[in-house]
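Here's the structure we're looking at; comments come further down.
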Amino acid sequence: EVQLVESGGGLVQPGGSLRLSCAASGFTFSSHWMHWVRQAPGKGLVWVSRIITDGSYTNYVDSVKGRFTISRDNAKNTLYLHMNSLRAEDTAVYYCVRGTRGWNGVDVWGQGTTVTVS
Amino acid sequence: ETVMTQTPLSSPVTLGQPASISCRSSQSLVHSDGDTHLSWLQQRPGQPPRLLIYKISNRFSGVPDRFSGSGAGTDFTLKISRVEAEDVGVYYCMQATQFPHTFGQGTKLEIK
């Protein structure tokens, strides 16, 4: 069974840092692009970042550029999101999402981890 | 950034009746590879989103055939042929043709 399990969320003060992790299982992690998507309380979905299979290329939404860094460890089947200079508006559930193969998009979602900046 | 606009934002539907959600993009979603990377996702209350439809009209694994997608270019539609109680939730369109990927605001489907 394909599984994505996020961890690392919590309460952090404005200006602080946090590292999210996503443990992948049930599929060949190194063959898939991976994404982070977030959802503020009661709001819609916002795509945050993507990393390609070997980690050599990344994309970010403008609101997190220069503050967040996506990375991966294919040997550990783990995706990361390093978040610095956190702001109140970064408060959200952060989802780890698998990129598809053969077409652009996302298919499998984790349950999410909650980040509260206050 | 490609802006995705969904209508309606709320859709009360009677069980067994059809439902339709529209999604319009601010620019064409046709990729240089020739495909249109428009997906539809469902988020049930308290759950993470789930992929329903990809590349406009392809149902993802395990998705009931009462869900269908159509459209081209900048205008897309998700249809549910006969709404069931388990279909309650918020539906999002998502474009993955350009970065940043973007989502519609979401359409809340509720039962009358």
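In this model, which of B:79/B:112; A:43/B:108; B:55/B:79; B:79/B:108; A:65/B:55 are farther than 23 Å apart at the alpha-carbon? Among B:79/B:112; A:43/B:108; B:55/B:79; B:79/B:108; A:65/B:55, the Cα-Cα distance tops 23 Å for A:65/B:55.
Taking the Cα of residue A:111, stepping 7 Å toward and past its beta carbon, and measuring to each backbone N in region A:1-36: which are under 13 Å? The answer is A:3-8, A:23, whose backbone nitrogens lie closer than 13 Å to the label point.
Ranked from the most accessible area to the least, with a 1.4 Å probe and all protein chains present, what is the order of B:1, A:6, B:110, B:84?
Descending order: B:1, B:84, B:110, A:6.
Per-residue mean of foreign Cβ neighbours for B:44-50 is 4 (Cβ atoms of other chains, 10 Å radius).
With N counted as the residues of chain A, its alpha-carbon radius of gyration over 2.2 N^0.38 Å works out to 0.99.
Note on A:39-46: average number of Cβ atoms from other chains within 10 Å of each residue's Cβ is 4. Protein heavy-atom accessible surface, 1.4 Å probe, per residue over the protein assembly as shown: 45 Å². Each 10 Å bin from zero up to the one holding the largest Cα-Cα distance in the protein assembly as shown carries the following percent of pairs: 8, 33, 36, 19, 4, 0. Averaging Cα coordinates gives a centre for region B:58-74 and one for region A:43-89; these two points are 29 Å apart.
The values are calculated or read from the model by the stated rules, or taken from the named source; none is laboratory data. No experiment lies behind these values; they were computed from the predicted model shown. Cβ sites come from the backbone with ideal geometry, for glycine too, and all protein chains shown count toward neighbours. Note: areas computed on protein heavy atoms with side chains; ligands, DNA, RNA excluded. Shrake-Rupley method; radii C 1.70, N 1.55, O 1.52, S 1.80 Å.
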